[in-house]
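Okay, structure first, notes after.
Read-outs: derived from the displayed coordinates by stated rules, not from any lab. Source: prediction; values computed, not measured. Every residue, glycine as well, gets a Cβ built from its backbone with ideal geometry; the counts of neighbours run over all protein chains shown.
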Amino acid sequence: MSTDLKYLALTAMLTAALWIPYVICQVTTNGPLKPSNYADPKQRPMPLWGRRADRAYLNAVEAFAPFAALVVVAQLAGKANAMTAFWAMSFFWLRLLHAVVYLLAIPYIRTILFTLGFICVAGIFWEVIR
């Protein structure tokens, strides 16, 4: 497996697992879901860290789609190289840090990490189109 695909798989698993802190917050704050919670999708009260966990998960899902598409396009087009591997590896570590920083509510760093993640996606795009 190429480095690009390895980090695509790692990023997919990271993204898939980011719902867990949110659910832990929900259950520890409000207890398990009751039948009425399934009928009424209104969010139950939760601490700020739980809301941040939810947003970190949604942000990861949103950022994953273009990253995944470009890694796959690079592979299919035969454009995967050392630079696409670097960008894919960097994207994974930046997204992991982004999630941690988001959960910890560290100001400004989250935006910097998000922007660097976008630069990784743009880097893969550049390799694909050049």
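The table below lists the values:
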| read-out | value |
| --- | --- |
| Efficiency of FRET from Cβ geometry, VAL72 and ARG51, R₀ 30 Å, rounded to 0.05 | 0.40 |
| Of (1) 30, 15, 12; (2) 21, 19, 14; (3) 33, 16, 11, the label for semi-axes √(5λ) of the Cα gyration tensor in Å derived from the coordinates | (3) |
| For GLN26, net neighbour charge (Lys/Arg +1, Asp/Glu -1) across residues whose Cβ lies under 15 Å away | +4 |
| Helix-derived mean residue ellipticity, 222 nm - over the chain, DSSP H n ≥ 4, -39500 (n - 2.57), to 500 | -27000 deg cm²/dmol |
| Cα-based reach from LYS34 at 21 Å (exclusive), listing lysines while leaving out same-chain residues under 8 positions away | LYS42 |
| Full-extension gain in nm, THR111 to ALA65, via 0.36 nm per residue minus C-alpha separation | 14.7 nm |
| Loop trypsin sites (Lys or Arg not before Pro), the stretch 1-93 (other Cβ atoms within 10 Å of the site Cβ: 12 or fewer; DSSP) | LYS42 |
| Chymotrypsin sites (Phe, Trp or Tyr not before Pro) restricted to DSSP loop in the stretch 74-113 with at most 13 other C-beta within 10 Å | TYR108 |
